[in-house]
Every structure is written in structure tokens, then in C-alpha cells.
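Student: The structure under discussion is supplied below as C-alpha cells; questions concerning it will follow.
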Amino acid sequence: MKVIVYILFSILPLSLFSQKEYLVIDTMIIGNYDSIQGKDTAFLMVANNASEMFGCKICDAEIRFSNQTEVIPFISDVGGPFENLGDLNGDGIDEIAHTRTWYMGCRGVYQIFQNVKGVWIEIGYMSYHACGDKRGIRDRVNYKGNGKLILEGGTPHGEKIFKTVEMK
């Protein structure tokens, strides 16, 4: 395992890590995040002291990519679930999802991102009751064809809510 991690970090561009020194890697996911064949890595970067409640001076996060596509920034986020949703619309590029989190509460909001011509855009979001729910974001997103996604959310009282969003 150490060899794989060493190789991974030795081949990544140094600029991936040098932009904001207060951010550290929280999660990495593998996928195809551009139209070029081959696997890329997406990194959820969080404040290096985000685990200390109210300890971070700048509690921001961002998603960076090994293929140097555009960074996705998040303000007031200490890092939450981050998933590769796969290629939902068949364009050869995987969509990703991230749940912005803070230190307290049971409300989660996940956001879905799609790469359109090299630019990551948010195509939808949904709130849900996160406490006690172990399902991933992928379990809440259903591709219905014709560029439409059905997003599942929920209320604190357990009622399911649904929203339809269109991909670009």
C-alpha cells in the first residue's frame, strides 16, 4: 500500500498541492474527469485543522483534479461525503457529488457536478436528513434518460422528497 501511495504522489503535478498551503487531502476518488481516455484522480481538499471544532481560521474546501481541470471551491465547508457517480449521461466523463458539511446538525445538502467543455458546473442539489442514514449519494441519484436526473432527499421527519434536474 505504501508503494502505491508513494507512486501516486510522485507522479502528480506539484501545482496540485501548492496553491493553498492550509488545505490537505481528505478524500481521493478515481474516475474519468475529462474527455481524454484514462483515469484521473479527484481530491477533496479541506482545512488542515478542520477536525478541531471551530479551530480552523479559514474553513473552506475545494475539489482539485490530477488532470488540472478547473478547481471547484466551497466556502464554509469542513468536508463531507464525496463520490464519483460514474458517467450518468454517456458522454465519457464521470459526474461527481459532494455533501457540504459543518460541525453540527443533521441536515445535509449534496451537490451534483458535471464537466461541460472543461468547466465543472453544479447541475443540482438536494437536502436530506443525514443522521442515521448510511446510504451514499449515489443511492440518492437516479438517471432517467434524456439528460434527466431524479434526486432523492428527505425531511427530518423521514418523508422522502424528490426533485428532477436536467444535465447540460
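Here, each number is a calculation from the coordinates, and none is a lab measurement. Values in this document were obtained by computation on a predicted structure and should not be read as measured data. No Cβ is skipped: glycine too gets one built from the backbone with ideal geometry, and neighbour counts run over all protein chains shown.
Student: Sorted by mean Cβ packing within 10 Å, highest first, what order do the peptides 40-47, 126-133 take?
Tutor: 40-47, 126-133
Student: Which of the residue pairs LYS117/LYS168; LYS148/LYS168; LYS144/LYS168; LYS117/LYS163 have a Cα-Cα distance greater than 19 Å in the structure shown?
Tutor: Distance filter (> 19 Å) returns LYS117/LYS163.
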